Amino acid sequence: MVIQPKIRGFICTNAHPVGCAEHVKEQIEYVKKAGPVANGPKNVLVIGASTGYGLASRITAAFGSGAKTLGIFFEKEPTESKTASAGWYNTAAFEQAAQAEGLWNKHINGDAFTDELKAQAIDIIRSEMGKIDLVVYSLAAPRRKDPVSGEIFSSVLKPIGQSYTARTLNTSKREIEEVSVEPANDDEIYQTVKVMGGEDWERWLNQLDAAGVLADNCQTVAYTYIGKELTWPIYGKATIGKAKEDLDRAAAAITAQLAGKKGKAYVASLKALVTQASSAIPIMPLYISLLYRVMKEEGTHEGCIEQINGLFRQGLYSDTPVMDEAGRLRMDGKELSAHIQQAVKDLWGQVTTDSIDTLTDYKGYHNEFLRLFGFGYSHVDYDADVSPMVPLQNITG
């Protein structure tokens, strides 16, 4: 079939297998060009491994450290008439490249929140991998079913305490407009923390530890975004922010749990980027479009793979990691520097619908969005007839 992007609101409902393969190939080449990660991991579990920062983590572990990787994700398989989700095609490209270099890799497709899937992962680790020395937790999900009570919790993107009105970039209409969001109630805050907080991360590590499949001196990392004043009302000091604060709680609890084997849990704060998740958050498309313009002009812009490659080399496997007073690993220093934030603020007040192209990097934002789904690559023929039926060989679930 001929596969062209089908965009609905802030999501793309299809994906291009050839373009997704290019997306993965670019990241692999970047990591390999940087050379081996000194003292990097050898057996890695990535929970949320098929897109964004999770995919970049798996690529860096495998092609930067030669690690065995077990990837967990929840992706849609292809049919003869419909494409798979982008994460499926990303994983297929990763699998092919890893096999070409003799790198062990396996995947589980299913609900990472369930204890059944955790047990599946433990069985594979025990029988085929050896003890895990790095666990990456990079899940982004709108809902979670509690494995004990069976209750289903749903997250919301709302401010706390008072309503919030701000400018945003409506990417469907390509217009600057105002968005107003009512404050969350206590139950919505609670449910968002249950979905996006550290409870499941902690449950994963507890079960891995109890099964005896974690190595001495193992590390685990979960990803967050902290931001600054412009994004705090809807991100940092909002329902998502409360959930991310719970990651700090979980990191401390996990570190205490793993004290006997000298294990450590970290929260890593990363740069704002175009992801499937960030596209849904009010004001973030405008903020990221402005940020991209400012940081590209300064030459300090980084994407997913640059951030994660840096995290491995300058954070997780460095003797002198950049950390804050809360013990978080920080890879967002360039974004949050005073002069970058001031430049974004200045443009924020000036931009109008008519000046989107001149004052923002909307073109870069939109192209980055398309690339998440395998579109927007100049050397891919999007008029060509391609099969959506790309298999995964090393998959269960």
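I'd like to check something: does the stretch 190-209 contain any residue that is surrounded by fewer than 21 Cβ atoms within 10 Å (Cβ to Cβ), out of contact with any Pro (no Cβ under 7 Å at 6 or more places or on another chain) and aliphatic (A, V, I, L, M)? No, because not a single residue in the stretch 190-209 is surrounded by fewer than 21 Cβ atoms within 10 Å (Cβ to Cβ), out of contact with any Pro (no Cβ under 7 Å at 6 or more places or on another chain) and aliphatic (A, V, I, L, M).
Taking the listed residues Asp209, Asp187, Asp200, the one that is modelled with pLDDT of 95 or more and farther than 25 Å from Ser57 by Cβ is Asp187, with no other qualifying.
Scanning the stretch 280-312 for residues that are surrounded by fewer than 19 Cβ atoms within 10 Å (Cβ to Cβ), at pLDDT 95 or above and in contact with a Gly (Cβ under 9 Å, 6 or more places away or on another chain) gives Lys296, Glu302.
From Tyr365, Tyr377, grab the single residue that is assigned to a helix (DSSP H, G or I), among the hydroxyl-bearing types (Ser, Thr, Tyr) and surrounded by 19 or more Cβ atoms within 10 Å (Cβ to Cβ).
Values: Tyr377 fails: assigned to a helix (DSSP H, G or I).
Answer to the selection: Tyr365.
Pairs meeting the criteria (first residue in the stretch 33-60 and farther than 15 Å from Glu95 by Cα, second residue surrounded by fewer than 24 Cβ atoms within 10 Å (Cβ to Cβ) and among the aromatic types (Phe, Trp, Tyr), beta carbons under 6 Å, at least 6 apart or on different chains) are Val37/Tyr317; Asn39/Tyr317; Gly40/Tyr317. Just to be sure before I move on: is Lys118 under 24 Å from the mean Cα position of the chain (by Cα), open to solvent by 30 Å² or more (accessible area, probe 1.4 Å) and either under 21 Å from Cys218 (Cα atoms) or without any contact (Cβ under 8 Å) to a residue 60 or more places away in the chain (or both) in the structure I sent? So Lys118 fails the test. Thr171 meets the conditions (1) closer than 29 Å to Thr352 by Cα; (2) open to solvent by 60 Å² or more (accessible area, probe 1.4 Å); (3) in contact with a helix residue (DSSP H, G or I) (Cβ under 9 Å, 6 or more places away or on another chain) in every case but one. The failed one is (2).
Once the stretch 8-35 is narrowed to residues that are more than 23 Å from Ile108 (Cα to Cα) and hydrophobic (A, V, I, L, M, F, W, C), the residue that is most open to solvent (accessible area, probe 1.4 Å) is Phe10. A count restricted to the stretch 44-61 and to residues that are within 15 Å of Leu316 (Cβ to Cβ) and small (Gly, Ala, Ser) stands at 4. Reported count of residues in the stretch 131-146, each being modelled with pLDDT of 95 or more and open to solvent by less than 70 Å² (accessible area, probe 1.4 Å), is 9. Within the stretch 330-352, residues that are under 23 Å from Ala222 (Cα atoms) sit with their Cβ atoms under 6 Å from residues that are of a type in the set (S, T, N, Q), at 6+ positions apart or across chains, in these pairs: Arg330/Ser269; Met331/Gln307; Asp332/Ser269; Lys334/Thr300.
Each residue in the stretch 338-360 was checked for being in a loop (DSSP other than H, G, I, E, B) and open to solvent by less than 30 Å² (accessible area, probe 1.4 Å), and 2 pass.
Against the test of being open to solvent by 10 Å² or more (accessible area, probe 1.4 Å) and closer than 23 Å to Met389 by Cα, the options Ala97, Ala38, Ala49 yield a single qualifying residue, Ala97. The condition (being surrounded by fewer than 21 Cβ atoms within 10 Å (Cβ to Cβ) and either in contact with a strand residue (DSSP E or B) (Cβ under 8 Å, 6 or more places away or on another chain) or in contact (Cβ under 8 Å) with a residue 24 or more places away in the chain (or both)) is satisfied by just one residue among Gly102, Gly66, Gly87: Gly66. Here Ala250 does not qualify as hydrophobic (A, V, I, L, M, F, W, C), open to solvent by 10 Å² or more (accessible area, probe 1.4 Å) and without any contact (Cβ under 8 Å) to a residue 60 or more places away in the chain. Residue count for the stretch 147-168 satisfying the condition of being at positive phi and open to solvent by 50 Å² or more (accessible area, probe 1.4 Å): 1.
The values are calculated or read from the model by the stated rules, or taken from the named source; none is laboratory data. Everything quoted here is computed from the prediction, not taken from an experiment. Cβ sites come from the backbone with ideal geometry, for glycine too, and all protein chains shown count toward neighbours. Protein only, heavy atoms only, side chains kept; ligands, DNA and RNA dropped before computing areas. Shrake-Rupley method; radii C 1.70, N 1.55, O 1.52, S 1.80 Å.
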